[in-house]
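Quick note: the coordinates plus some simple rules give every number you see, no bench work behind them. No experiment lies behind these values; they were computed from the predicted model shown. Quick reminder, even Gly has a Cβ in these numbers, built from the backbone with ideal geometry, and neighbours come from all protein chains shown.
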Amino acid sequence: MEQTLAYNSTMLERARAIQDQIIAWRRDFHRHPELGFQEFRTAGVVAETLRRMGIEVTTGVGKTGVVAVIGEGAPVIGIRADMDALPIREANPVAYKSENDGVMHACGHDAHTAILLGVARMLTDLPDRPAGQFRLFFQPCEEAADDEGKSGAQRMMDDGIMDGVARVIALHVASELPAGKIAVEPGYTSAAVDNFYATIIGKGCHAASPHFGVDPIFLLAQVINAIHGIRSRRISPIRPVIVSIGSVHGGIAENVIPNEVEISGTLRSYDDETREALWRELEMALGVARALDGDYKLEIKKGCPSMLNNEAVVDTIRAVSHDLLGADALITDEPSLGGEDFSFMTRAAPGAMFLLGAKKDDIDRPHHNPLFDLDEGSFAVGAAVLAETALRLNREAAAR
Ligand SMILES: [Zn+2]
Ligand SMILES: [Zn+2]
């Protein structure tokens, strides 16, 4: 197919020429989803496909990640795709339905992986590709973390993938945005995500004589109030923050005051200063238990930092979208307090993640839902914008 392309074809034409292949890759990954750090088959298919393109490949990076290198020297432009699936049972009656029961590509990482393989194909085949290196990261485990609390991006970075990288980009499909549209905003676009696990410690006793003990359920009621006060009373109202309590567990019988109760929840924020303030405020809120003669234990598991899209990189992505897709292609989308571990990479080098609209039909198919699915016609658009942005970032970096 590619041979029929003219020398001066646009990147969109090049992507459309391999669109069927990208879709076939995606359906293969979709049929065989794997959870974080278990992407053995996926990584194997990725590595084998890249090698057949004649690309230099390193496997086992960050446990199950794959790095592909196209070209050499400086500048180095990084492009990242994540490969992991979710513990969800697919409800779509499609031919490419998950064959790994209870596991599903319900966030579109199958599409990310297939699109990046398409980008590899396009950059490899490109006539007079400029000097410099395009480093492709096929990343494991974006959705979760290992026993030491590290996600795939961190593990790959521990193995040095960001060394010498001048700019780094990625896309995320968006099942709720119109197919083929691009959304990318400068500044914070996803939150720092820290989860907390606390135990409120009292002193168990007979429920008929609460004054002989210290009721941890009563303590918890005061603590929950204090925790919910963090967002409304303790943090500036113009700083986006979420403090959510997701679980409360305690007690065994109606006439027994227990020794302790447990709560867990999540802290979300944008700027690092506010993030650290949340850690202190949570400690203080739990301190209410001590003021009332009880005690507490608190563990905060620190996850990914907030994602900061670099303004200049965003400008390049917008210019590429405009040039390849026309003035109508760019849409706006509100930033969210979701988490995305690509944020680690955008803190190691200026970078940005854009959203690729991929709404399939009129059925509601949110991310992480058993009905999640994508418009496959959008994949060529994503591949074209990624590849063309990488080329322009290469030229911009080389010109500096
Ligand atoms: Zn997800
Ligand atoms: Zn995702």
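Comparing Thr64, Thr49, Thr389, which has the greatest mean-square fluctuation in the GNM of the chain with Cα pairs linked when under 10 Å apart?
Sorting by GNM fluctuation, first place goes to Thr49.
List, in order, the whole-Hz ³J(HN,Hα) value for each residue of the range 125-133 obtained from phi through the Karplus relation with A = 6.51, B = -1.76, C = 1.60 and θ = phi - 60°; use x for Gly and Pro.
Result, ordered by residue: 7, 5, x, 5, 5, x, 4, x, 10 Hz.
Figure the gain on full extension for Asp293 and Ala207 (residue separation times 0.36 nm, minus the Cα-Cα span) and round it to one decimal in nm.
Fully extending the segment from Asp293 to Ala207 adds 29.2 nm.
Would you work out the relative contact order for the range 192-302, in percent, from Cα pairs under 8 angstrom that are 6 or more residues apart?
Relative contact order of the range 192-302: 44 percent.
Working from Cα positions, state the angle (0 to 90°, nearest 10) between the long axis of helix 272-291 and the longest principal axis of the chain.
In the chain, helix 272-291 runs at an angle near 20 degrees to the longest axis.
Just add up the charged neighbours of Asn394: K/R +1, D/E -1, any other residue whose Cβ is under 14 Å from the Cβ of Asn394.
+2
Below 14 angstrom from the Cβ of Glu185, what's the summed charge of the other residues (Lys, Arg +1; Asp, Glu -1)?
-3
Lysines within cross-link reach of Lys97: Cα-Cα under 24 Å, excluding same-chain residues under 8 positions apart?
Lys97 reaches Lys359, Lys360.
Once label points are set 7 Å from the Cα along Cα→Cβ at both Asn100 and Asp328, what is their separation, rounded to one decimal in nm?
3.9 nm
How large is ³J(HN,Hα) for each residue in the range 73-82, as worked out from phi by the Karplus curve 6.51 cos²θ - 1.76 cosθ + 1.60 (θ = phi - 60°), to whole Hz, x for Gly and Pro?
x, 9, x, 9, 10, x, 10, 10, 10, 9
Please report the spacing between the Cα centers of the range 104-139 and the range 232-293 in Å, no decimals.
42 Å
Give a residue-ordered list of calculated ³J(HN,Hα) values for the range 183-195 (Karplus: 6.51 cos²θ - 1.76 cosθ + 1.60, θ = phi - 60°; whole Hz; x for Gly, Pro).
Each residue of the range 183-195 in turn: 10, 8, 10, x, x, 6, 10, 9, 8, 5, 10, 10, 9 Hz.
Please sort 102-115, 264-277, 305-318 by packing, taking for each peptide the average over its residues of neighbouring beta carbons within 10 angstrom, highest first.
102-115, 305-318, 264-277
Compare Gln139, Gln154, Gln38 in a GNM of the chain, Cα atoms joined below 10 Å, and give the one with the largest fluctuation.
Comparing Gln139, Gln154, Gln38 in a Gaussian network model of the chain, the most mobile one is Gln38.
What is the diffusion coefficient of the chain in µm²/s, taking the Kirkwood radius over Cα pairs and the Stokes-Einstein relation at 4 °C with a viscosity of 1.567 mPa s?
In µm²/s, the coefficient rounds to 57.
Could you identify which residue out of Phe212, Phe29, Phe379 has the top mean-square fluctuation in a GNM of the chain using Cα springs shorter than 10 Å?
Phe212
Mind checking the angle between helix 216-229 and the chain's longest principal axis? C-alpha axes, 0 to 90 degrees, to the nearest 10.
The angle comes out near 50 degrees.
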